[in-house]
Amino acid sequence: MSKQGSQGAIMKTVERLLRERDASTLDPTLGRRCKEVLLEGLATALALEGQRRRIRRRQQELACLSQGDDASARELARLARREVALASDERRLRDLLARLRDPGDGRSAPRPAHR
């Protein structure tokens, strides 16, 4: 699965879990699944952040080394668009994860039943 595909997949999984939790589903595995998805989502968010840092570093290199040629300008523009898209994905994912972690309406994520 591509990186972008995994981002989309984790966002869809978080959205599905939010709907399940909001529907007051009494699924005893929901709490465990929420924790697992939170961990996976945080790892994905960190990966997005890493990609953005690498892009910014490359932009800085190009800005320092370029001779004002068209190829450098095109690459800078492409990198800028990619960085903006990654920032948007990261923000959306982190917002979803925050809702999953703390719904803000007084309910917390369901806890697994003790055995």
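No value in this document is a laboratory result; all are computed from the given coordinates. Everything quoted here is computed from the prediction, not taken from an experiment. Neighbour counts run over all protein chains shown; Cβ positions are idealised from the backbone, glycine included.
As an exercise, use a Förster radius of 41 Å and the Cβ-Cβ distance of ARG58 and THR29 to find the FRET efficiency, rounded to the nearest 0.05.
0.45
Any idea what the relative contact order of region 3-96 is, in percent, if you count C-alpha pairs under 8 Å spaced at least 6 apart?
39
What's the exposure ranking of THR13, THR44, THR29, going from fewest to most Cβ atoms within 10 Å? The partial results should precede the final answer.
Values: THR13 17, THR44 22, THR29 12.
Placing the least packed residue first, the sequence is THR29, THR13, THR44.
For region 1-80, what is the per residue volume of the convex hull drawn over the alpha-carbon atoms, in cubic angstrom?
Here the figure is 93 Å³ per residue.
Which FRET efficiency value, to the nearest 0.05, do you get for GLN67 and ARG92 by plugging their Cβ-Cβ distance into 1/(1 + (r/R0)^6) with R0 = 41 Å?
Plugging the Cβ-Cβ distance into 1/(1 + (r/R0)^6) gives 0.65.
To make sure I understand, if each residue's beta carbon is the centre and we count other beta carbons within 10 Å, what order do LEU65, LEU96 fall in, fewest to most?
Listing LEU65, LEU96 from fewest to most nearby Cβ atoms yields LEU65, LEU96.
Quick one: length gained pulling ALA77 to LEU39 fully straight, 0.36 nm per residue minus the C-alpha distance?
Net length gain for the segment: 10.4 nm.
Going by how many other beta carbons lie within 10 Å of each one, how would you line up CYS64, CYS34, fewest first? All intermediate terms of the calculation are to be shown ahead of the outcome.
Numbers: CYS64 7, CYS34 22.
Final ranking by Cβ density, sparse to dense: CYS64, CYS34.
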